[in-house]
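**Student:** The structure follows.
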Amino acid sequence: LGLGIVAAAFCWGRASRSTRSLVVWLVVPALVLVAILTPWARHWWWPTLLHPRLEAYFRPVGNYGVFTLFPTMAYVFGGTFLGAMLTERREASEAAAHRTMAVAGLALVVVGVVFSRTPLSLTPRWTDLMSLFLCRTGVMAMLMAGSWALFRRWPLERTDALVVLGQTSLFVYWVHVELAYGVFSYPIRHALTLPWAFAAFLTLTWLMLIGGRLWMRRKAAGAWIPSHMKAG
């Protein structure tokens, strides 16, 4: 994800603010990462020269890695494109922008489902990779539009949890990775039924909300922020 942020920032910095330029510099690289580099990475020979823990950065290698550069970086490019499109909209067209995002997200999900059911397979699991990327990106776009709609219609007291999780997203992400993928959850990994999995998901979300509130409280006091990193 760190390398993806650097790469997406590099491309975004070279794009003009027109939609066409953003598509060329952000959407096209995302599709190339998923449709071309990800399948090819499964057949490259040179990663075998690396230690399996390093090879796992490029493609799945046993249990050495959970996420790989391909196609994970593509999601960063997709998110950068959505963020750039939103920030370029004037406030008067904000509602139209989110409606467009919701419709586009739904279209991506539909296309992704079609991909998953088509017999076309240029390389092993090619359609599966495209389907997963399109569906995930589409769902996230719809969730962003839905969150915006909630803020417009509901009082702040009802959406406070979204605000906390949004403002502490990096802290929550860092902690939840250890809980979800680290040694803490290893005994129950792939061992829960669907109802227990939902219960675990709700419990983890609740714990992250509590952690986010504590982080904001300590951050406001400045206790966890080094003096040279405090805002002026």
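**Student:** Mind jotting down the distance between the C-alpha centroids of the stretch 47-89 and the stretch 23-40, whole Å?
**Tutor:** The stretch 23-40 and the stretch 47-89 have Cα centres separated by 11 Å.
**Student:** Using the Karplus curve 6.51 cos²θ - 1.76 cosθ + 1.60 with θ = phi - 60°, what ³J(HN,Hα) values do you get for each residue of the stretch 162-179, in whole Hz, with x for Gly and Pro?
**Tutor:** Listing the rounded values in order: 5, 5, 5, 5, x, 6, 10, 4, 5, 4, 4, 4, 4, 6, 5, 4, 5, 6 Hz.
**Student:** Could you calculate the FRET efficiency of residue 16 with residue 64 from 1/(1 + (r/R0)^6), where r is the beta carbon distance between them and R0 is 45 Å, rounded to 0.05?
**Tutor:** Efficiency, rounded to the nearest 0.05: 0.65.
**Student:** Now a separate question. Quick check: at a probe of 1.4 Å, how many percent of the accessible area of the chain sits on carbon and sulfur atoms?
**Tutor:** The C+S portion of the solvent-accessible surface of the chain is 69 percent.
**Student:** Of all GluC sites (Glu not before Pro) in the stretch 53-102, which ones are in loop regions per DSSP and have a Cβ with at most 15 other Cβ atoms within 10 Å?
**Tutor:** Listed in order of number, the matching sites are 88.
**Student:** Per DSSP H run of n ≥ 4, the term is -39500 (n - 2.57); total these for the chain, divide by its residue number, and report the mean residue ellipticity at 222 nm rounded to 500 deg cm²/dmol.
**Tutor:** Dividing the helical sum by the residues of the chain leaves -21500 deg cm²/dmol.
**Student:** A further question on this structure: Which entry is the computed volume of the Cα convex hull per residue in Å³ for this structure: (i) 214; (ii) 107; (iii) 197?
**Tutor:** Computing volume of the Cα convex hull per residue in Å³ and matching it to (i) 214; (ii) 107; (iii) 197 gives (iii).
**Student:** Now for a different question. In the chain, once you exclude exposed trypsin sites (Lys or Arg not before Pro) (DSSP loop, at most 10 other Cβ within 10 angstrom), what's the longest stretch remaining?
**Tutor:** Details: sites that count: 17, 90, 189, 230.
Longest run free of exposed loop sites: 91-188.
**Student:** Sticking with this one: So which chymotrypsin sites (Phe, Trp or Tyr not before Pro) in the stretch 1-78 end up in coil per DSSP with only 16 or fewer other C-beta atoms within 10 Å?
**Tutor:** Values: sites: 10, 12, 25, 40, 44, 45, 57, 58, 64, 67, 75, 77; in loops: 44, 45, 57, 58, 64, 67.
Sparse-neighbourhood loop chymotrypsin sites (Phe, Trp or Tyr not before Pro): 44, 45, 64, 67.
**Student:** Roughly what would the spin-label model give for residue 156 and residue 93, points 7 Å off Cα along C-beta, in nm?
**Tutor:** Label-label distance for residue 156 and residue 93, simple model: 3.0 nm.
The values are calculated or read from the model by the stated rules, or taken from the named source; none is laboratory data. Note that the coordinates shown come from a computational prediction; the quantities given were computed from them, not determined experimentally. Here the Cβ is made from the backbone with ideal geometry for all residues, glycine too, and neighbour counts use every protein chain on show. Surface areas here come from the heavy atoms of the whole protein model, side chains and all, with no ligands, DNA or RNA. Shrake-Rupley method; radii C 1.70, N 1.55, O 1.52, S 1.80 Å.
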